[in-house]
Amino acid sequence: MATTLTINGERKSFDAPPEMPLLWVLRDILGMTGTKFGCGIAQCGACTVHIDGKAVRSCVLPVSAVRDRQVTTIEAVGNSPAGAKVQKAWLDLEVVQCGYCQSGQIMAAAALLAATPNPDDSDIDAAMAGNICRCGTYVRIRDAIKHAASGRQS
Amino acid sequence: MLTVEKNSDGVSRRALLTGGLATGFLLAFHLPLRAASYAANEPVQPPDVTAGKFAPNAFIRIDETGNTTLIMPQVEMGQGTYTSISMILAEELDADWTRVAVLHAPPNDKLYGNPTFGLQVTGNSNSIRAWWKPLRTAGATARAMLVQAAAGEWQVDPASCTTSKGEVTHAASGRKLGYGALALSAQGQTPPKEVPLKDAKDFVYIGQPLKRLDTPDKVNGKAVYGIDALLPDMKVATVAACPVFGGRVAKVDDTAAQKMPGVRKIVVLDDMVAVIGDHMWAAKKGLAALKIEWDEGPNAKVGSKEIWQHLRAASEKDGAVAKSVGDIAKGLATGDKFEASFEMPFLAHASMEPINATVHVRPDACEIWTGTQIMTRVQSEAAKAAGLPVEKVIVNNHLLGGGFGRKLEPDMVVAAVKIAKQVDYPVKVVWTREEDIQHDVYRPIYRDTVAATLVDGKVAAWKYKVAGSAVLARWLPPAFQKGIDIDAVDAAVDAPYDIPNFHVEYVRAEPPAVPTGFWRGVGPNNNVFAVECAMDELARKAGKDPVEFRRAMLASRPRALAVLNSAAEKANWGQPLPPRIGRGICLQPSFETFIATVVEAEVDDMGEVAVRRVVSVVDTGIAVNPDTVKAQIEGGLIFGLTAALYGEITIDKGRVQQSNFHDYRMLRIDQTPKIEVHVVKSGEPPGGIGEAGVNAGPPALRNAIYAATGVALRRMPIDRSLLAVGKKA
């Protein structure tokens, strides 16, 4: 079925079954591999994208449910002020290890900062507890979100 | 940092690092397209071109513009080794760090075999330990050849030249030449037989917290992992393996699946069924539509209860003696007696990137795109599966989305080759999380028993027996000698305490049905746990503070004593805490790194455990990149605490009962304590760091719970029901 979505500001048309999760459209049809597959059941957050600026797990989001809303992925999150700040903070504090979960972590953190510019620890817990990092970079993720919020970036 | 200009091969330097070309922005579709229609993102890394370059050895390539490409004999799975290895090479080469890019090495044991194993393997926290000398020598030799080239051109004594940041300087005449300008003449120089290595005080890169080379592309979606391979005409497959270990496919009814849109082919192997589709969704739907009957085989009745009975019985037998000092029988005959046993569960790896491999079998060759810790073994096993000579198998390695030992196995590649043999197009085979969890090679169960005596408040005799799987006997048979698995007893034979009668045995006990493998932290995980838990119980029996008790037995291990004292001080050891909050200590000598860790934990009345604070003091010798050392300990602690709090794979009817992150839980950010890692300045050779933090988490937490509640847990993971108010272990 022909579907058209707005992804990272571009109109993209493709053939996909309506119930196909957005994750697989991005990765396997559009070749946008920055968004990752981790669990397939919205338990790990590796597949997090933004739908109209809100963090959403793309592995359980049927492509037909997106409709005319804006999809933003890791490839373009740096175009938003919050996304750019988060990416910079991730570099400044050297958050990343294997990096596989970090697309999802960054998308979740960018959505948090866009909605809550100065999050406290409980805001960070609430926004980020759905994102698993098997390398255990959580201490730096928390510090980097605070660093991004503080505006004290190098 | 990496520069992004094109190098002489016309390949962007960012592509060199990631081994692939970015795709996301190349897409601009305005027409409805059928199936997979992305721009071809063939994540083939550029070939290792040596023509027209200074290529003094297998690791260093300098082109005429001075761009320096370093070829990585070890793989990057998050541990930072691409950066640390580059720092070691760049240090002795005096390279310009801003011109450095890295390449994944191709499979070649002769050129890239890990010096410890003689095999191209990344594991056992030994990338830096094994390559420290060889790579420094490689860098220094290349530097000497560049100096010879410059000195020859200037007709001066090479000893009068100096090097820095990719340039040779002759100070007396004020002349300078960049490494790029010298590349071709250096290539013609005879390498010196012996080269001096730098004194540690002259290091400019080693010891600095340099930014990792792989981070920039990991924050913008451009980093390419094995699972991101995209090839022209590629299809995607997913698999269902027999849920019972050792079972096989009996019968498959694919009538419904064949009619599913996007399903291309159903492949039936001996022990698994794969559905190939236009994309993962079609493959998953197709797989769900199959009716598969399994021949469950001999393990269909095996459960955790029988597996544990088997291990407990085995652990009662005498083992092979791994180490014996003094007279253990005499030692155990006098003093205050202590006996205990400690049990560790099966664990899955659960790296965030599920296992996967992309394979294209052509009539005369087989090409593989994956992320593996064992390049050459993947190549040789794939060759067998493809029925091709080894040299006809091309392996393109990638960044690994976590390895943790799972990618020390070639099974996913072998299965993908068997599937890809059935079709003429490339197939990316992706395991679902459920299949990944249920078809792992598991961290073995262990049962470690301790018999000890106390005399004058010190351990006078220590008889320690490890019972568990011999992973090495399967994985590297020549290393299994005289009944001893040196991994299984690692950190037991070299427990850091001065004990006059010290005896360690090993009983090989392979669990029925369940395949076992290396898991981050390897052998020391079970031994650091059992030794450190026993030491806390012995301290209590002796009426001593746990730190005080250990301190009295460390006279001959000054590095261990120093980290112990430092961690106790930094963690406010001994200062009073409210009820049901306790501090626990763990001291370990694993991977030639000494670490002392203090965990502070709180246990509520229901027995739920919260980790409040962790302090680790780390003496890993020379810390090549101290920020990476910190990061590895932080992450390793989380990995270990996750296992202690949640980790257990159980078996029922020959099947793994866990399937995804809802029932095989991970620690999350809201449960993460404050973690403080202090790296000791040291001039000793570098130790291993990627796994040591994992060892520390469970025993330090268990000992904190012991201090908080008085309950001596002897089994992992933590059983909350034993910790509720009024319960006794």
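To one decimal place, what orientation-averaged projected area in nm² is obtained for the convex hull of the Cα set of the protein assembly as shown?
In nm², the orientation-averaged hull projection of the protein assembly as shown is 37.2.
Quick one: helix A:81-92 against the long Cα principal axis of chain A, what's the angle to the nearest 10°, folded into 0 to 90?
Between helix and principal axis, roughly 60 degrees.
Return the tail of the calculated pair distribution for chain B, meaning the percent of Cα-Cα pairs more than 34 Å apart.
Of all Cα-Cα distances in chain B, 52 percent exceed 34 Å.
As I understand it, the dipole of chain B uses +1 on the Cβ of Lys and Arg and -1 on the Cβ of Asp and Glu, about the Cα centre. Which of B:425, B:124, B:611 lies farthest toward its positive end?
Checking the options against the dipole of chain B, the answer is B:611.
Through the Karplus equation 6.51 cos²θ - 1.76 cosθ + 1.60, θ set to phi - 60°, convert the phi angles of segment B:231-242 into ³J(HN,Hα) values in whole Hz; use x for Gly and Pro.
Result, rounded to whole Hz: 10, x, 6, 6, 10, 10, 10, 9, 10, 10, 9, 3.
What are the semi-axes of the equivalent ellipsoid for segment B:256-398, taken as the square roots of 5 times the Cα gyration tensor eigenvalues, largest first, in whole Å?
47, 24, 15
Dividing the convex hull volume of the Cα atoms of chain A by its residue count, what figure in Å³ per residue is obtained?
Enclosed volume per residue, from the Cα hull, is 96 Å³.
Just going by the charge dipole of the protein assembly as shown, with Lys and Arg at +1 and Asp and Glu at -1 on Cβ, which of A:7, B:297, B:725 is farthest out on the positive end?
Toward the positive end, the furthest listed residue is B:725.
So what's Rg/Rh here for segment A:44-105, counting alpha carbon atoms and using the Kirkwood radius for Rh?
Value, to two decimals: 1.00.
Mind sorting B:528, B:395, B:361 by how few other Cβ atoms lie within 10 Å of their own Cβ, fewest first?
Neighbour counts put them in this order, fewest first: B:395, B:361, B:528.
In whole Hz, with x marking every Gly and Pro, tabulate ³J(HN,Hα) for segment B:273-282 from phi via Karplus 6.51 cos²θ - 1.76 cosθ + 1.60, θ = phi - 60°.
10, 10, 10, 9, x, 5, 7, 4, 5, 5
Under 12 Å Cα-Cα from residue B:222, which aspartates and glutamates qualify once same-chain neighbours fewer than 8 residues away are excluded?
A:75, B:214
Among B:388, A:30, A:91, B:701, what is the fewest-to-most ranking by other Cβ atoms within 10 Å?
B:388, A:91, A:30, B:701
List the residues whose amide H sits under 5 Å from the amide H of residue B:658, counting only those 5 or more places along or on another chain, with H placed 1.01 Å from N in the peptide plane.
Long-range HN contacts for residue B:658: B:650.
Based on the alpha-carbon gyration tensor of segment B:643-729 and its eigenvalue square roots a ≥ b ≥ c, which shape applies: rounded if a/c is under 1.5, prolate if not and a/b is larger than b/c, or oblate?
Oblate shape, in that a/c is at least 1.5 and b/c is the bigger or equal ratio.
Per residue of A:12-21, how many C-beta atoms from partner chains lie within 10 Å of its own C-beta, taken as a mean?
5
Only sites in a loop by DSSP and with at most 13 other Cβ atoms within 10 Å count here; which trypsin sites (Lys or Arg not before Pro) in segment B:90-198 make the cut?
In loop regions of segment B:90-198 (DSSP not H, G, I, E or B), the sparsely surrounded trypsin sites (Lys or Arg not before Pro) are B:193.
Please get the size of the charge dipole for the protein assembly as shown, origin at its Cα centre, with Cβ charges of +1 on Lys and Arg and -1 on Asp and Glu, quoted in debye to the nearest 20.
Result for the protein assembly as shown is approximately 460 debye, rounded to the nearest 20.
Please give me the summed charge of the neighbours of residue B:568: other residues whose Cβ is under 10 Å from its Cβ, Lys and Arg +1, Asp and Glu -1.
Summing Lys/Arg as +1 and Asp/Glu as -1 gives +1.
What is the fewest-to-most order of A:48, B:376, B:65 by other Cβ atoms lying within 10 Å of their Cβ?
Lowest to highest Cβ neighbour count: B:65, B:376, A:48.
If you average the alpha carbon positions of segment B:433-466 and of segment B:388-425, how far apart do those two centres end up, in angstrom?
Taking the Cα centre of segment B:388-425 as reference, the centre of segment B:433-466 is 34 Å away.
Which lysines have a Cα lying under 24 Å from the Cα of residue B:133, excluding residues fewer than 8 positions away in the same chain?
Counting by Cα, and skipping residues close in sequence, residue B:133 has these lysines nearby: B:110, B:165, B:193, B:198, B:201, B:211, B:630, B:681.
Which Cα, out of B:396, A:24, A:135, lies furthest along the positive dipole direction of the protein assembly as shown (beta carbon charges, K/R +1, D/E -1)?
Ranked along the dipole, the leading option is A:24.
No lab work stands behind these numbers, since they all come straight from the coordinates. Only a predicted model underlies this, so the values are computations on that prediction, with no experimental measurement involved. With ideal geometry, Cβ positions are generated from the backbone for all residues, glycine too; neighbour counts draw on all protein chains shown.
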